[in-house]
Amino acid sequence: MAEPDAVQTFEDGLTKIRGAYEQALRDATDEPELRLVNGRYVGPQGELTKLLKLMPKLPGDRRRELGQRANALKQEIQTTFDVVLDGIHRRARDAELTGPSLDVTLPGRWPMPGRLHPITRIRNEVLEILVSLGFDVADGPEIELYENCFDKLGFPPDHPATDEHDTFFIEGGKPSGPHSVLLRTQTSTIQVREMSRREPPLAIVSPGAVYRRDDDATHSPMFFQLEGFLVDTDVTFAELKGVLTLFLRRLFDEHVAVRFRASYFPFVEPGGEVDMSCVFCRAWEGDKERTTACRVCKGNGWMEILGCGMIHPVVFENVGYDPEKYTGFAFGMGLDRIAMLKYGIPNIKLLYDNDVRFLSQF
Ligand SMILES: [Zn+2]
């Protein structure tokens, strides 16, 4: 049995909407407002929508007729909405055409384009050269085991680098044994990791962040290194010299001279440091006056660029290679230092300050 006043409610609703919708829609001044008003009638919570939900309560003999009237009203609202929206669009277009014209001679506003950080750029350049020489690129974790960082690379237990004053230890802050955990102090850990899981011949480079408790104008507690090594039968120091000389000439200048000085690193024997003729005063050109005045090489014409050496037999033993059968070389460099030399950056801090005025110069 239908409720007696359902018909009345329905008819009153239709009358009320019919008397109000047109003016309400025509009063809207822009499209968002128009859509809002329209929604008050035919949106999910709209007045007409609510009426239509009452349909099942109407008596059977009136339902069809009242339904048709409601739908006709809905159609009228839609038609009015379309007409008013069209008017709003037309007025906006007219305003654009009759308003002040666009001054195309005004300078545009350029979005500031992003660019690669100098260290990323130098890493890409360095890798491109070494990959073209046949090296593979490998990666490793920055959180390392003590043994991969020191023991297996032949560091004696009392080496200063293993001290908590020089290294960030993670668990408890104290070196407690081969499995204590630290932030790697060098990318040489990747030598250990790669050699432990692969057999020679191997030629690998690995760039990455390393961490030390150092903080001054030329040291940062986090910096970037690149490690390279090659292992095979019959590898000699001559190959090491050849690879590094070619590498530095391609990276800096085909004329640079390269010299090797004996030096000590625990994981190589013999070990050496590599100097390159100064690229700031172009020392190879022999302009004595310019070199004498050069602040970078302090007049001696050379600059220190990287460390290298023949991989120590102890390292091979620690990773399960036969040191009688295999030889190899390794080299490491600070990517920050290479970037500073290549781009003439005076202070390492500039690389990490994130100052756009500095970074946009590259
Ligand atoms: Zn110089």
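Details
- Annotation: average projected area of the chain is 36.2 square nanometres, based on the convex hull of Cα atoms across all directions.
- Whole-number accessible area per residue in Å² for the chain, which is evaluated in the context of all protein chains at 1.4 Å: 56 Å²
- Dipole of the range 1-136 [Lys/Arg +1, Asp/Glu -1 at C-beta], most positive-end residue of Val7, Gly108, Val42: Val7
- Proximal lysines to Lys53, defined as alpha-carbon separation beneath 16 angstrom and excluding residues fewer than eight positions away on the same chain: Lys74
- Förster-model FRET efficiency, 51 Å R0, Ser360 and Asp234, C-beta, rounded to 0.05: 0.55
- Over the range 98-163, the Kirkwood radius and the radius of gyration, each from Cα atoms, give a ratio Rg/Rh of 1.43.
- For Lys50, a cut-off of 14 angstrom between C-alpha atoms picks up these aspartates and glutamates, skipping any fewer than 8 places away in its own chain: Glu11, Asp12.
- In the range 118-359, lysine pairs closer than 29 Å at Cα, eight or more apart or cross-chain: 12
- Ranked packing of 187-194, 69-76, most packed first, by mean Cβ within 10 Å: 187-194, 69-76
- With contacts taken as Cα pairs under 8 Å and at least 6 residues apart, the range 118-359 reaches a relative contact order of 21 percent.
- Normalised contact order of the range 6-98, rounded percent, pairs of Cα under 8 Å and 6 or more residues apart: 36 percent
- Candidates Leu153, Leu34, Leu244: whichever shows maximal mean-square fluctuation once the chain is modelled as a Gaussian network with Cα springs under 10 Å: Leu34
The values are calculated or read from the model by the stated rules, or taken from the named source; none is laboratory data. Since we're looking at a predicted model, the values are computed, not measured. Cβ sites come from the backbone with ideal geometry, for glycine too, and all protein chains shown count toward neighbours. We work out accessible area using only protein heavy atoms, side chains counted, and drop any ligands, DNA or RNA first. Shrake-Rupley method; radii C 1.70, N 1.55, O 1.52, S 1.80 Å.
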